[in-house]
Amino acid sequence: MSRRIDFEDDALVVRFEGLAAFTTLTREVRIPYTAVGSVSIGLTDPPALLAVKIGLSMPPFGITQRGRFREHGRWSFFDVDDRERAVVLDLTGHEFRRLVLTVDDPESFFQKLHERLPDRG
């Protein structure tokens, strides 16, 4: 699976190639840091089995979920194969309601992202 996550100056960019682009049906997801409302670690509320989806969803046979899922009247983007290592970005003013990614080191990812978020104080 070929996925690359880049922390650019103004946005988090997730790029997909090969099989990853095929299963997510996209090549790139760009999230401006200004669109990130909150960040948490661990996915506790995955899309329902009957959710509208564009991509790959394995439940009930596994937990892999990749692509766009319609939740609560809006689209979310998932690239998840381990819910405990998933980072959940709740978004505002973006085409997606949330972005959910499984990453190798959620704590490190959270820290890198948090450093780039605008000060809302």
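The values are calculated or read from the model by the stated rules, or taken from the named source; none is laboratory data. Treat the numbers as computed from the prediction; the structure is a model and nothing was measured. Glycine gets a Cβ as well: all are built from the backbone with ideal geometry, and neighbour counts include every protein chain shown. Accessible surface areas use protein heavy atoms only, side chains included; no ligands, DNA or RNA. Shrake-Rupley method; radii C 1.70, N 1.55, O 1.52, S 1.80 Å.
May I ask you to list the residues in segment 91-111 that are part of a strand (DSSP E or B) and touching a residue at least 60 places away in the same chain (Cβ under 8 Å)?
91, 96, 99, 101
The conditions are (1) touching a helix residue (DSSP H, G or I) at 6+ places or on another chain (Cβ under 9 Å); (2) of a type outside the set (Gly, Ala, Ser); (3) modelled with pLDDT of 95 or more; (4) surrounded by 15 or more Cβ atoms within 10 Å (Cβ to Cβ), and residue 41 fails exactly one of them. Which is it?
(4)
Quick check on my filter: what residues within segment 1-14 are under 13 Å from the mean Cα position of the chain (by Cα), surrounded by 13 or more Cβ atoms within 10 Å (Cβ to Cβ) and more than 13 Å from residue 78 (Cα to Cα)?
Those that are under 13 Å from the mean Cα position of the chain (by Cα), surrounded by 13 or more Cβ atoms within 10 Å (Cβ to Cβ) and more than 13 Å from residue 78 (Cα to Cα): 5, 12, 13.
Does at least one position in segment 68-78 carry a residue that is under 15 Å from residue 91 (Cα atoms), modelled with pLDDT of 75 or more, open to solvent by less than 60 Å² (accessible area, probe 1.4 Å) and in a loop (DSSP other than H, G, I, E, B)?
Yes, segment 68-78 contains at least one residue that is under 15 Å from residue 91 (Cα atoms), modelled with pLDDT of 75 or more, open to solvent by less than 60 Å² (accessible area, probe 1.4 Å) and in a loop (DSSP other than H, G, I, E, B).
Select from segment 74-84 the residues that are of a type in the set (Lys, Arg) and touching a residue at least 40 places away in the same chain (Cβ under 8 Å) and list them in ascending order. Before the answer, list the steps.
Within segment 74-84, the first condition is being of a type in the set (Lys, Arg), and the residues that meet it are 74, 83.
Scanning segment 74-84 gives a single hit, 83.
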